[in-house]
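See structure below.
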Amino acid sequence: SFQSPGPRRVPAELSLSSTSIDSLSVSRIDRSDIDELSRKGYVVIRNFLPQDLVSGLRGDVSSLRSRDKFKVAKIGQDSTNFLNTDIRVAETCFIGPSKLGDCPDAFRDRLYATLDALRDDLSGNPALDEKELDTGNLIKAAPALDSSLFEMLYAYYPTGGFYRRHRDAIPGSASVLRSYSLLIYLNEAWKEDDGGELRLHM
């Protein structure tokens, strides 16, 4: 699912590695999905990534966990980051083209290429401009997304794991620069009874 944080509006993170990526293997967001994001403030895109990439990323998660690259997840930003198991029980591993140089992975490179394309599709897209509902006058143009400002991580939730209600953009921290939050689920054969559904507070 894809969400633009903040209050309801006509709303309006994500760099290529050195590995050569076939452009045909990169998923792109449809105009209809961009329109839904603009209208609702979020969009759910089922099967956005091809199944082979999802399987490959699951394997990457398993490999990184076996190499102790995941850490107990904390909450908060910057100097306020701390452990609180009443709010969050999970493990995380930060990823990105400049990270995990000792653990290269071709599927992760494909993910970076996909997120680069997604950033390009969203950056400054006039379909995501914030406008007055009655007059159509421009309130705020869709943000131009800086390729150097992004944060990516794998999150692993064990049985019973959770993340309570929280803000993705916290006033007074660097996270306030965040324009979009993107979640990609790698669950295999997920069922509603498994729990763990995302709840958005708009």
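Listing for the model above:
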read-out	value
Carbon and sulfur %, accessible surface of the chain computed with the full protein complex present, 1.4 Å	48
Total lysine pairs whose alpha carbons fall under 24 Å of each other in the chain (8 or more apart, or interchain)	6
In nm, spacing of pseudo-spin labels at Leu133 and Ile45 (7 Å Cα→C-beta vector)	2.7
Per residue value of the accessible surface for the chain (all protein chains in place, 1.4 Å probe), Å²	62
Over the chain: helical MRE at 222 nm, DSSP H runs n ≥ 4 each giving -39500 (n - 2.57), nearest 500	-7000 deg cm²/dmol
Space enclosed by the convex hull of the alpha-carbon atoms of the chain, per residue, Å³	140
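The values are calculated or read from the model by the stated rules, or taken from the named source; none is laboratory data. It should be emphasised that the depicted structure is a prediction, and the values quoted were computed from it without experimental measurement. Because the Cβ atoms are built from the backbone with ideal geometry, glycine has one as well, and the counts that use them run over all protein chains shown. The accessibility values were calculated without ligands, DNA or RNA, using every heavy atom of the protein model including side chains. Shrake-Rupley method; radii C 1.70, N 1.55, O 1.52, S 1.80 Å.
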